[in-house]
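Here, each number is a calculation from the coordinates, and none is a lab measurement. Not measured: the values here are computed from a predicted model. We place every Cβ from the backbone using ideal geometry, glycine too, and count neighbours over all the protein chains shown.
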Amino acid sequence: MMEYPNTLTDERQWRELTARVASWFSPEALARITGGGASATERYGCEWLLIGGKRWRPLLTAAIYRASVEGPIDAIAPAAVAVECFHKASLIHDDIEDDDNERYGVATVHARYGVPMAINVGDWLIGEGYRLLAGMAFPDDVRSELVRVAAEGHRQLCLGQGNELAYCSEPKPCSEDEVILLYRRKTASAFEVAVQIGAALAGIDEATRSRLSEWTRLIGIAYQIQDDREDFSSVRGRRGDILACRPTLYLALAGASTEQEVRDAVEAAQRDRSPERLERLQTVIAASSIPRSVDALFLTYCRQMRDALDGIAPVPLRGILKRITEGAFPRDAEVKF
């Protein structure tokens, strides 16, 4: 049976791990890991890797590996950077598709350098991620598994984004289940890649990896619901989702609402998707019981996520995931992990 030597419950150990992961994203480290190319595409790609974000995904990869394996952790730095490459590439493409000109409080890549260059930078980051995984100094079967995991996550992300784009181009009623599937594909798949790459590098057994997959499914969905709640609490975010006709739980629940005013606003917006009708819809949703229903769904997924964590047998691994879960959600969240 596999041993899990590191609990990382010691605050000093945890700070050391997060600092080590952060060090992989310095300009010097990225130049070393990616080869330090001087082309515009490489410069812009590395520049984007350095900007913003909480680096939850590479930290997940490193933490799961560290819980299971002793020795220098820098051996997995290329894999952790690959995980962030995939994530940051998806943001570049997502910003283009959503016509968003700002992220992390700064101009998006396409706003800085134009859409053609941004597409190319995103594609380079994806290619770089696969190159880094394929070149890891691990046995062939492990490298093959790393690429398989990344490819499946990439595929699911594209399917989820495609569902969203299709909905936005031809809006129609969407169900709660359809929105949750979209969240699972767009958000949970990225967590799955980070977790499973760390697990594959560490040689974690299949039964534990299966339980980890259940946790990533739930944290991905809860994370996206939390993101939507934060957006909806701001006028800018709320108007952005509704006016862009993006499928969210708020729209799904509005379509199934028993409240007459909500139904009338939904029907009016479906007949005429003018800014005035859509703004009316978002105002009605905000004043309805729908935000409270979304809050309740968030709590439901948080409880399920807590139960999934409790089902992960290796105690050190469970402790690390609980620590990461607590960091990914507000400390005053209604459900404690």
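Note on residue 286/residue 50: beta-carbon distance plugged into 1/(1 + (r/R0)^6) with R0 of 56 Å gives a FRET efficiency of 0.95. Residues of segment 295-315 with an amide N closer than 16 Å to a point placed 7 Å from the Cα of residue 256 along the Cα-to-Cβ direction: 295-301. Here the label points at residue 233 and residue 293, each 7 Å from Cα along the C-beta direction, are separated by 2.1 nm in the simple model. Fully extending the segment from residue 22 to residue 169 would add 49.0 nm, taking 0.36 nm per residue of separation and subtracting the current Cα-Cα distance.
Distance from the Cα centre of segment 32-105 to that of segment 282-331, in angstrom? Going from one Cα centre to the other spans 25 Å. Look at the dipole of the chain built from charges on Cβ: of 77, 51, 213, the Cα furthest out on the positive end belongs to 77. Sorting the segments 124-135, 206-217 by their mean number of nearby beta carbons within 10 angstrom, highest to lowest, gives 124-135, 206-217. Gain on full extension, evaluated as 0.36 nm per residue between residue 326 and residue 117 minus their Cα-Cα distance, stands at 71.5 nm. For the peptides 80-92, 43-55, 161-173, the ranking by packing is 80-92, 43-55, 161-173, with the highest mean count of neighbouring Cβ atoms within 10 Å listed first. Scanning the chain for long hydrophobic helices, with DSSP H runs required to stretch 27 angstrom or more by C-alpha along their axis and to average at least -0.5 on the Kyte-Doolittle scale, returns 77-98, 115-134, 140-169, 290-310. Can you match P(r) over Cα pairs in 20 Å bins from 0, in percent to one of these, (1) 27, 49, 21, 3, 0; (2) 31, 59, 10, 0; (3) 30, 56, 14, 0, based on a calculation from the structure here? Label of the calculated value: (3). For the pair residue 43 and residue 276, the difference between a 0.36 nm per residue extended length and the Cα-Cα distance amounts to 79.6 nm. For the chain, the relative contact order works out to 19 percent when only alpha carbon pairs closer than 8 Å and six or more residues apart are counted.
With contributions of -39500 (n - 2.57) from each DSSP H run of at least four residues, the per-residue ellipticity at 222 nm computed over the chain stands at -24000 deg cm²/dmol.
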